[in-house]
1. Please pick out the residue among A:GLU356, A:GLU346, A:GLU283, A:GLU322 that is closer than 24 Å to A:GLY134 by Cα and without any contact (Cβ under 8 Å) to a residue 40 or more places away in the chain.
2. If B:PRO190 satisfies all but one of (1) within 14 Å of chain A (Cβ to nearest Cβ); (2) not in a loop (DSSP other than H, G, I, E, B), what's the number of the condition it fails?
3. Give the residues of the range A:42-51 that are crowded, with 24+ Cβ neighbours inside 10 Å and either at pLDDT 95 or above or not polar (S, T, N, Q) (or both), sorted by residue number.
4. Name every residue in the range A:316-347 that is among the hydrophobic types (A, V, I, L, M, F, W, C) and under 19 Å from A:LYS100 (Cβ atoms), in order of residue number.
5. What residue, among those in the range A:162-183 that are surrounded by fewer than 23 Cβ atoms within 10 Å (Cβ to Cβ) and either touching a His at 6+ places or on another chain (Cβ under 9 Å) or not assigned by the TED database to the domain that holds A:ALA243 (or both), is nearest to A:ALA394 (Cα to Cα)?
6. Taking the condition among the small types (Gly, Ala, Ser), outside any helix (DSSP H, G or I) and outside the structural domain of B:VAL118 (by the TED database), does B:GLY355 pass?
7. All but one of (1) at pLDDT 95 or above; (2) buried (at least 17 other Cβ atoms within 10 Å of the Cβ) hold for A:LYS287, so report the exception by its number.
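The values are calculated or read from the model by the stated rules, or taken from the named source; none is laboratory data. Since the model is a prediction, treat every value here as computed from it, not as a measurement. Here the Cβ positions follow ideal geometry from the backbone for every residue, glycine too, while neighbour counts run over all protein chains shown.
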Protein chains: 2
Amino acid sequence: MRLTVDNINKHVVAAKYAVRGELAVKSEEYRAKIAAGDAADLPFEHVISANIGNPQQLDQKPLTFFRQVASILENPQLLKSEEALVEHLGYKTDVIERAKWLLSKVGSVGAYSASTGVPAIRESVAKFIERRDGFPADPSKIYLSAGASSGVNTLLHTICANPNTGILIPIPQYPLYTATLTLLNAKAVPYLLDESKNWGTDLETIRASYDKAVEEGTDVRCIVIINPGNPTGASLPEEDIRAVLEFANEKNLVVMADEVYQTNVFVGKFHSFKAVLRRLQEENPGKFDGLELASLHSISKGMVGECGHRGGYFELVNFDPEVEANIYKFVSIMLCSPVIGQCIVELMVNPPKEGEPSYELYQKEYNGIFEGLRERATALHKAFAEMEGVECAAPRGSMYLFPTITLPEKAAEAAAAEGRKPDEFYCMRLLEATGICVVPGAGFGQKEGTLHFRTTFLAPGTEWVGSIVKFHKEFLDKYR
Amino acid sequence: MRLTVDNINKHVVAAKYAVRGELAVKSEEYRAKIAAGDAADLPFEHVISANIGNPQQLDQKPLTFFRQVASILENPQLLKSEEALVEHLGYKTDVIERAKWLLSKVGSVGAYSASTGVPAIRESVAKFIERRDGFPADPSKIYLSAGASSGVNTLLHTICANPNTGILIPIPQYPLYTATLTLLNAKAVPYLLDESKNWGTDLETIRASYDKAVEEGTDVRCIVIINPGNPTGASLPEEDIRAVLEFANEKNLVVMADEVYQTNVFVGKFHSFKAVLRRLQEENPGKFDGLELASLHSISKGMVGECGHRGGYFELVNFDPEVEANIYKFVSIMLCSPVIGQCIVELMVNPPKEGEPSYELYQKEYNGIFEGLRERATALHKAFAEMEGVECAAPRGSMYLFPTITLPEKAAEAAAAEGRKPDEFYCMRLLEATGICVVPGAGFGQKEGTLHFRTTFLAPGTEWVGSIVKFHKEFLDKYR
């Protein structure tokens, strides 16, 4: 029997991942046409990939210190000519020191590491968490992963026992969660974020979703929080995090905190779930000692932006040792995460310190990226504020804005005639008219009756923002 | 409800992966003890990790050309000082040319690539396959993956539809296959390889396994072949490959050809399933046009040995376009394989050519690794030939020997008293006595009533071979 879409794994067929879906594929076709010099019929000269948080595809330059160290890790023979590195290639001595230290701990980056990652790197991560949170962290509970995506995959694979397992996920959400739950044939139990409160978590909404699922017989085991938010750009205040932890503790839910945007915070301060949990434990001795928390981080986002290197980690708090042994076994089947990505995790959690030779440049580059993101977010938000029928919360964190769009009835009819949802229709026309690729709200989930799209604010310049404004006006004029 | 081993995903709990199991964990504990200077009570001074094909953890040096190019990809700023690279660091001009070309095609190695890989690298892979096979290959059917393991995971996820799906796998096999099938809750349909014929495939055995499974109602969809063999070290003659393809065609089975050891061949010549299929198609017009073939390759093995970089690819032949679209979607959920690993795939399939500046050194290093492996394989095989109760086929391919061991009845009793299988017991004692970590045959599957272990022949020197001989004699003496 030949494989067809009717007889292969129906959960693979059912899974949806809009971030790299039809629009993204079409945008890549445009890009190839342009590269081939075959774009005379296109009304734009460039494709702007605002569909995915991929900083280095756009304007963001890698951090010099990171890449200098990585170049030595790839070719340790360079250390035979330290003088040339320093004198002719501008490598500072701390670059060379760090590369030597990593090589002494890692061996060759071409060798498999331990499945949970290089021990010394896990120790570095634990020290970083201690500095960040003010509470100790245990290196043996740190698992290095191929980006946070792979960590989410591992954790959901372990937690989901059968089709009746339910996982509370925010709506809107990053579709990795729904896609993985579909693959695992488990249930996403959606809870709506509150757009009116900067996309914060609303405990009554979470409780209602939980209660409804339990009434229907679902075995709800875990709550996922993405903070700072993707696609929403939210940054949760400590009260929201406390409320979620209280609730999870009451209901015995595993808390999965996706914190990959922890340094992309423009308003207020990032609070890690781990730190808030430890504070709650101090304030309420014994009460939270049964709570299981998994926190995820990544080298793909923040000012590091090393998506292509596929590095990240997750930290487990209070998991049963036998469950941990099964998590170890699961990750060992794929052997280990990319070792150079593990090394970049080490650099992320242990960047040059004040007084070290590479510090000044590192800090300058880091701040430049941060300010650039903030400026572009602000400019984009300002443009949205001026567009008719568009409402958008001010940028608070992550790399995205997620505006509400109100579209005319005729646009909805035209969309239906094409078999599309109105937001998908809008985004497709935007791509065709401007070369700008964004993701329709439908790809993340949205409150019934509302329409959105997600755009990154990574693309440089303001011309593309102008193109969105112009397109939007013409779209409204056409379908009014 | 707290997560416990009794309520998490039972398929994760049931999965087995001996290559990184109890023995490997224990060997890492020994390694840590030795590193901490706390090894006075151990009867050995080093741990020899012969449990896993991890060349660069042992003696194998990375290929200079590959790592020089990779260092520039990691730090393109080096190109600002080309003169220094050439004059002070010994980079040849073709290193610089290749790095520039890859950067022009890839952009930053820190950016996500297309989910199936960088288009230019897929084209390079297709050209390599054409040169290797003498038949055309289509770049759009090449999927770059994070090692071959990730490719196997993708393919089995797609093919396995429900608990009744059966996949024919060789016994002994690389346990990635059984582990993944257990995770997917699908059926491994084992077929025994023929130890008496250098671990070749025996069609009657395959047919009998298939018939039995079909009689039991299993929906057998696919046959996996590992060639050169892991753990067996076999290298299949063309007749065996033809017979498998004829059978798969007769029964409408997808053929999954795991060819990651294709350059590790000591006897005869490697025949790719793709080339043999194309020859069959030429000889029998029309007859094989419905056959679906997936072939996998990797940068982890061969003379490249870049396991830690997690690179590889699979090529699909004759898959339904809608099935391919679902494979695309599945890989897109994890975004892309590590981009520097993709670049090393490009270097593997397109190494320096005769007349190019880096060719001589590349060829010298390549041949040195190949000959070193052959010599160590031969030395190890010779030692096994002299050991009482040990039988081992001569090394033909891959990185492993898989000797049969015959153990005294008393050893089996002692093993049972510890709750272990006799081969596990033997391997555990070997590790404790010598620091040498091998994998018991039980981890791969073996014919009932036989016992084996798998060892790589990567470790340098002959001292460790002597330690095995000595241990074996003492073991036999003790339990005789």
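1. The conditions single out A:GLU283.
2. (1)
3. Going residue by residue through the range A:42-51, those that are crowded, with 24+ Cβ neighbours inside 10 Å are A:48, A:50-51.
Matches in the range A:42-51: A:ILE48, A:ALA50.
4. Hits for the range A:316-347 are A:VAL339, A:ILE340, A:CYS343, A:ILE344, A:VAL345, A:LEU347.
5. Ranking the qualifying residues of the range A:162-183, first place goes to A:THR182.
6. yes
7. Here A:LYS287 clears every test but (2).
Results for (1) closer than 30 Å to A:ALA325 by Cα; (2) in a helix (DSSP H, G or I); (3) within 8 Å of chain B (Cβ to nearest Cβ), shown as yes or no for each residue.
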position	(1), (2), (3)
A:VAL25	no, yes, no
A:PRO43	no, no, no
A:GLU87	no, yes, no
A:GLU123	yes, yes, no
